[in-house]
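Chemist: For reference, the structure I am asking about is given below.
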Amino acid sequence: METEFGGPAYLPKAEKSDSPYKAFTPSCKIQNWNTPTLVIHGAKDYRLVESEGISTFTALQRRGVPSEFLYLPTENHHCLNPQNSMVWHETVLRWIQTWTS
């Protein structure tokens, strides 16, 4: 991502309004969020810290956007435990059914 965005996010040019970091960062567009959203987060996901999922869900709730948060404390980016996989699938399928029917 640093190559595509012209360097790391901590450089001063990343703070400019025309920076790709600003243009393509979802948190900079929260005012436009209105799609019902299911946020799923595993506590052992090294790609995203827990606060990313929680803050996304909180922002959606504060905006009044229909949203749900599924937190899987023993999972990483992928759901590997069979019981958790059942919960994941049931939650996702229910969400899809709710918002597409």
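The values are calculated or read from the model by the stated rules, or taken from the named source; none is laboratory data. Just so it is clear, the model here is predicted, and its values are computed rather than measured. Don't worry about glycine lacking a Cβ; one is built from the backbone with ideal geometry, like all the others, and counts go over all protein chains shown. Calculation scope for accessible area: heavy atoms of the full protein, side chains included, ligands and nucleic acids excluded. Shrake-Rupley method; radii C 1.70, N 1.55, O 1.52, S 1.80 Å.
Chemist: Scan region 21-29 and tell me whether some residue there is over 27 Å from Y71 (Cα atoms) and open to solvent by 50 Å² or more (accessible area, probe 1.4 Å).
Modeler: Checked region 21-29: at least one residue is over 27 Å from Y71 (Cα atoms) and open to solvent by 50 Å² or more (accessible area, probe 1.4 Å).
Chemist: Please specify each residue of region 81-98 satisfying the condition of being exposed (fewer than 11 other Cβ atoms within 10 Å of the Cβ) and polar (S, T, N, Q).
Modeler: Matches in region 81-98: Q83, Q97.
Chemist: Oh, and also: Quick test for you: out of P8, P36, pick the one residue that is open to solvent by less than 50 Å² (accessible area, probe 1.4 Å), more than 26 Å from C79 (Cα to Cα) and modelled with pLDDT of 90 or more. Spell out how you get there, then give the answer.
Modeler: Numbers: P36 fails: more than 26 Å from C79 (Cα to Cα).
The match here is P8.
Chemist: Working only within region 65-80, note down all residues that are part of a loop (DSSP other than H, G, I, E, B), out of contact with any Gly (no Cβ under 7 Å at 6 or more places or on another chain) and open to solvent by 60 Å² or more (accessible area, probe 1.4 Å).
Modeler: Matches in region 65-80: P73, T74, H78, L80.
Chemist: Residues to consider are K22, K29; find the one that is modelled with pLDDT under 90, charged (D, E, K, R) and touching a helix residue (DSSP H, G or I) at 6+ places or on another chain (Cβ under 6 Å). Write out each step before concluding.
Modeler: Details: K29 fails: touching a helix residue (DSSP H, G or I) at 6+ places or on another chain (Cβ under 6 Å).
Answer to the selection: K22.
Chemist: Additional query: Any residue that is touching a residue at least 12 places away in the same chain (Cβ under 8 Å), closer than 18 Å to W95 by Cα and not polar (S, T, N, Q) - is there at least one of those in region 8-15? Reasoning before the result, please.
Modeler: Quick first cut of region 8-15, residues touching a residue at least 12 places away in the same chain (Cβ under 8 Å) only: 9.
Keeping just the survivors that are closer than 18 Å to W95 by Cα gives none.
No - not one qualifying residue is present in region 8-15.
Chemist: Give the residue that is farthest from N76 (Cα to Cα), with candidates limited to residues of region 46-57 that are open to solvent by less than 80 Å² (accessible area, probe 1.4 Å) and out of contact with any strand residue (DSSP E or B) (no Cβ under 9 Å at 6 or more places or on another chain).
Modeler: Only one residue fits best here, namely S55.
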